[in-house]
Amino acid sequence: MTHRGRVRPANEDTIAVAGFLSAVPEGEPVRLTVSSTRPVTCLVADGLGGHADGARASRLAAQVIVDASPTFADSAAIVAAVHRADADLYADTDLHAGSGQPPSPGAMGTTVVLLTVSGENATCVNVGDSRCYLLRDGLLVQLSQDDSPPPSVPGPAVRTGRVTQTLGGRLTRVPIHPHVQRLATVAGDRFLLCSDGLTDYLPLDDVETCLTGGGRPDDVVRDLLRRTLDAGGGDNVSALLVTILE
């Protein structure tokens with residue numbers, strides 16, 4: 001499910017599941033059941049707010065990765081596709097700069113977090129601060145790594161809204177270093193992929209309550225969205241729940 005939130009004028013997030021890209025009415029969940037005998041890739045891309053064409057950036061990155069996903073036999077292939085998406089964003093920005101159109105406020109860019117499930121194994125890859133969580137045996141753990149500045153004060157991390165690496169997003173290209181986490185899956189595993197529009201407003205305890213409540217997947221993502229909007233909903237919100245059935 002994806003939603004523009006209560007403040008932003010447009011939704012710059014893109015969700016993809018097994019080749020399906022989000023283009024649905026806001027707030028309406030889409031449910032898919034797919035076999036993981038071949039690699040199944042799920043992702044959330046969050047276009048950079050305030051930059052040029054954030055929605056186009058997230059969709060372009062998602063499409064590049066989705067097109068490459070049938071080749072995701074190992075983590076190296078996934079990381080290569082993420083690098084390709086990064087390169088394509090810079091190439092697209094350069095084309096726009098040479099088109100004679102009015103200058104953009106910044107290079108278009110996006111974060112991305114993706115999960116590829118193949119058989120009994122899963123690989124999580126991320127760049128930026130969109131997240132992937134795993135719920136197993138009642139324990140919620142974060143698999144992705146946030147690319148964000150360290151907190152300036154001691155204690156729990158205080159979000160600054162800034163990210164230290166993204167796909168595209170800079171006027172001069174800089175190398176990216178995707179984070180990779182591999183693990184074996186078991187029946188009953190629940191993975192949550194989400195944009196920071198959810199985690200910036202919803203405490204982790206609330207996320208865990210939603211995921212452990214035993215509700216149907218559709219109801220879980222509805223509850224996540226409702227709680228996020230009730231907490232302010234100041235950004236686009238995307239939640240993608242992946243459940244390993246067997």
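Listed here are the residues, each with its yes/no results for (1) without any contact (Cβ under 8 Å) to a residue 12 or more places away in the chain; (2) of a type in the set (Val, Ile, Thr); (3) over 21 Å from residue 7 (Cα atoms).
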site: 183; (1), (2), (3): no, no, yes
site: 200; (1), (2), (3): no, no, no
site: 211; (1), (2), (3): no, no, yes
site: 221; (1), (2), (3): no, yes, no
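Taking the criterion of being out of contact with any His (no Cβ under 7 Å at 6 or more places or on another chain), at pLDDT below 95 and of a type in the set (Asp, Glu), the only residue of the range 14-48 that qualifies is 28. All of (1) modelled with pLDDT of 95 or more; (2) buried (at least 24 other Cβ atoms within 10 Å of the Cβ); (3) among the small types (Gly, Ala, Ser) hold for residue 75 with one exception: (2). For residue 112, the test of being open to solvent by less than 30 Å² (accessible area, probe 1.4 Å), out of contact with any Leu (no Cβ under 7 Å at 6 or more places or on another chain), at pLDDT 95 or above and closer than 29 Å to residue 217 by Cα is failed. Only strands (runs of 3 or more DSSP E) whose full extent lies in the range 174-245 are considered here, and the ones with at least 1 residues that are touching a strand residue (DSSP E or B) at 6+ places or on another chain (Cβ under 7 Å) and buried (at least 22 other Cβ atoms within 10 Å of the Cβ) are 190-194, 237-243.
Could you say whether any residue in the range 89-97 is open to solvent by 10 Å² or more (accessible area, probe 1.4 Å) and modelled with pLDDT of 90 or more? Break it down stepwise before answering.
Within the range 89-97, the first condition is being open to solvent by 10 Å² or more (accessible area, probe 1.4 Å), and the residues that meet it are 90-97.
From the residues that got through so far, the ones that are modelled with pLDDT of 90 or more too are 90-91.
Looking for residues that are open to solvent by 10 Å² or more (accessible area, probe 1.4 Å) and modelled with pLDDT of 90 or more, one finds at least one in the range 89-97, hence yes.
Any chance the range 16-31 includes a residue that's part of a helix (DSSP H, G or I) and basic (Lys, Arg)? Among the residues of the range 16-31, not one is part of a helix (DSSP H, G or I) and basic (Lys, Arg), which makes the answer no. When the range 32-57 is filtered for residues that are surrounded by 20 or more Cβ atoms within 10 Å (Cβ to Cβ) and either basic (Lys, Arg) or part of a loop (DSSP other than H, G, I, E, B) (or both), the ones remaining, listed by number, are 39, 48, 51, 52, 53.
Answer yes or no as to whether residue 19 is free of Cβ contacts under 8 Å to residues at least 60 places away in the same chain, open to solvent by less than 70 Å² (accessible area, probe 1.4 Å) and farther than 19 Å from residue 220 by Cβ. In short, yes.
Residue-by-condition table, conditions (1) hydrophobic (A, V, I, L, M, F, W, C); (2) free of Cβ contacts under 8 Å to residues at least 40 places away in the same chain; (3) out of contact with any Phe, Trp or Tyr (no Cβ under 6 Å at 6 or more places or on another chain):
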| position | (1), (2), (3) |
| --- | --- |
| 214 | no, yes, yes |
| 218 | no, no, yes |
| 226 | no, yes, yes |
| 245 | yes, no, yes |
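The values are calculated or read from the model by the stated rules, or taken from the named source; none is laboratory data. Because the structure is predicted, anything quoted here is derived from the model rather than measured. With ideal geometry, Cβ positions are generated from the backbone for all residues, glycine too; neighbour counts draw on all protein chains shown. Calculation scope for accessible area: heavy atoms of the full protein, side chains included, ligands and nucleic acids excluded. Shrake-Rupley method; radii C 1.70, N 1.55, O 1.52, S 1.80 Å.
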